[in-house]
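Read through the structure below, which is laid out as structure tokens, and then see the notes.
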Amino acid sequence: MNKSEILDLILLKQEGSYWDFKREWYFQDKKADLLHDIICMANNLSNRDAYIIVGVDEENDYSFSSVKSDPNRKNTQQLVDFIREKHFAGGIRPIVSVESLDFGEIEIDVIVIHNSDATPFYLTENFQSVMPNNIYTRVMDSNTPKNKSADLPHIETLWKKRFGLLSSPLERMMIYLKNPDLWKNSPNDYPTKKQYYRFFPEFTIETVHDESKNGYQYYLFNQTDIHPRWYDINLYYHQTMLASLEGLSLDGGRYFTPSPKTDGISLTQYHHWDISFKYYIKDSIEYIVHKFYYNSDGDDETIAHDRFMKCILVFETNTEKEEFKHFVANNWGNKPKYNKNIWMPYFRKIEGYNIEVLKEEFFNSQILQKMLVEFRNIK
């Protein structure tokens, strides 16, 4: 959500399938209306974030009505607490937040109901006039009445969304990979290891050893056995390859993961990388497959995994990564304050490699880990 998007919706001077206007915050005796509106928006059929825009008077030509002094105003935590108290099916609740926007002397609030694959959201116990087991949604600019349930085709659409049936094959693959327990090994999978999704076996993932690769990265030296084996990780829908990732087996085969991605930071105007780092972004295909292959055994695999992750940065979003790069560029001059208590593994000589460069990359990765913690604390 951004300010221009909300302003564009206000200028339309009409409500729609994923946005609604309220002149003021819900009164204390209108809690059922608030909950009902949130559920309808969480189950919107547009498959996207939805907005309840508070501080716009639709009966007065959609003019602003500032919420600065509204006694019923709520922040994100108050709204989350309100939702948490309600009995939702499966204990799965809509994800909500409140964003405030300034327009000169006027301030409005936007209740953001974040898009989710966990639809349909519905109650198992009534809350005032909001009925249990009724599935509410929003069609065009109208919510399902509290005493009714949505039409069957709309309910089917919401269930299809939960099971990934409205998504592209790659999007469905990423949903299914988040449930590794539902994947089975294909018979006769040697030397290629292939697994299929139990409920939709046309989705498969295979690993193929690539004997042509034998490269070394700095994070390998944090393992007991530093010698890697490289693989191709191929994702298929029927016979169509959806994606191919580079994979590697670490610590003598004790741990397997997709290779992290590489980015860098320039400290000068010459635009070359003065600092490089390896990273994952949550909800990226690399990170989802990384989580898919990790089965914490509390022993050798866990040790290898933990040593690997100490060298890799994990970002919430690509935006966070870019903001962090800017933070590092502005604060790299303070590098000495992060140097304390950095443990360095033994770097044995490898023919054809500059070990001092690998040492520097490892050392910088430990400093960047500390800087990322500080970045998030002050953000």
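The values are calculated or read from the model by the stated rules, or taken from the named source; none is laboratory data. These numbers come from a predicted model, not from an experiment. We place every Cβ from the backbone using ideal geometry, glycine too, and count neighbours over all the protein chains shown. Side chains included, ligands, DNA and RNA excluded: accessible areas come from the protein's heavy atoms. Shrake-Rupley method; radii C 1.70, N 1.55, O 1.52, S 1.80 Å.
Take the residues in the stretch 205-236 that are of a type in the set (S, T, N, Q) and either open to solvent by 20 Å² or more (accessible area, probe 1.4 Å) or not in a strand (DSSP E or B) (or both); name whichever of them is modelled with the lowest pLDDT. Result: N214.
For the condition open to solvent by 20 Å² or more (accessible area, probe 1.4 Å) and either touching a His at 6+ places or on another chain (Cβ under 6 Å) or free of Cβ contacts under 8 Å to residues at least 40 places away in the same chain (or both), what is the one hit in K340, K291? Walk me through it before giving the result.
Numbers: K291 fails: either touching a His at 6+ places or on another chain (Cβ under 6 Å) or free of Cβ contacts under 8 Å to residues at least 40 places away in the same chain (or both).
Testing whether each residue is open to solvent by 20 Å² or more (accessible area, probe 1.4 Å) and either touching a His at 6+ places or on another chain (Cβ under 6 Å) or free of Cβ contacts under 8 Å to residues at least 40 places away in the same chain (or both) leaves just K340.
When S296 is tested against (1) loosely packed, with under 12 Cβ neighbours inside 10 Å; (2) touching a helix residue (DSSP H, G or I) at 6+ places or on another chain (Cβ under 9 Å); (3) part of a helix (DSSP H, G or I), just one condition goes unmet, and that condition is (3). If you go through the stretch 22-33 and pick out every residue that is open to solvent by 40 Å² or more (accessible area, probe 1.4 Å) and within 18 Å of N143 (Cα to Cα), you end up with 5.
Within the stretch 167-187, residues that are of a type in the set (S, T, Y) sit with their Cβ atoms under 6 Å from residues that are open to solvent by 40 Å² or more (accessible area, probe 1.4 Å), at 6+ positions apart or across chains, in these pairs: S186/K194; S186/Y196.
Against the criterion of being open to solvent by less than 60 Å² (accessible area, probe 1.4 Å) and closer than 22 Å to E105 by Cβ, S66 qualifies.
Scanning the stretch 154-162 turns up at least one residue that is open to solvent by 30 Å² or more (accessible area, probe 1.4 Å), touching a residue at least 12 places away in the same chain (Cβ under 8 Å) and closer than 24 Å to F21 by Cβ. Out of curiosity, is E356 among the acidic types (D, E), under 30 Å from D232 (Cβ atoms) and loosely packed, with under 12 Cβ neighbours inside 10 Å? The answer is no for E356.
Once the stretch 124-153 is narrowed to residues that are buried (at least 16 other Cβ atoms within 10 Å of the Cβ) and free of Cβ contacts under 8 Å to residues at least 40 places away in the same chain, the residue that is farthest from S46 (Cα to Cα) is M131.
Of the residues making up the stretch 151-187, those that are assigned to a helix (DSSP H, G or I) and more than 19 Å from the chain's Cα centre (by Cα) are L152, P153, H154, I155, E156, T157, L158, W159, K160, D181, L182.
Close contacts from the stretch 1-21, counting a first residue that is loosely packed, with under 15 Cβ neighbours inside 10 Å and a second that is part of a loop (DSSP other than H, G, I, E, B), with Cβ to Cβ under 6 Å and a gap of 6+ residues or different chains, come to K13/Y62.
Condition check: open to solvent by less than 80 Å² (accessible area, probe 1.4 Å) and over 22 Å from I10 (Cβ atoms). Does P71 satisfy that? Please lay out each step first, then the result.
On the way: open to solvent by less than 80 Å² (accessible area, probe 1.4 Å): no; over 22 Å from I10 (Cβ atoms): yes.
In short, no.
Evaluating E105 against the criteria (1) open to solvent by less than 40 Å² (accessible area, probe 1.4 Å); (2) modelled with pLDDT under 95 leaves one unmet condition, (1).
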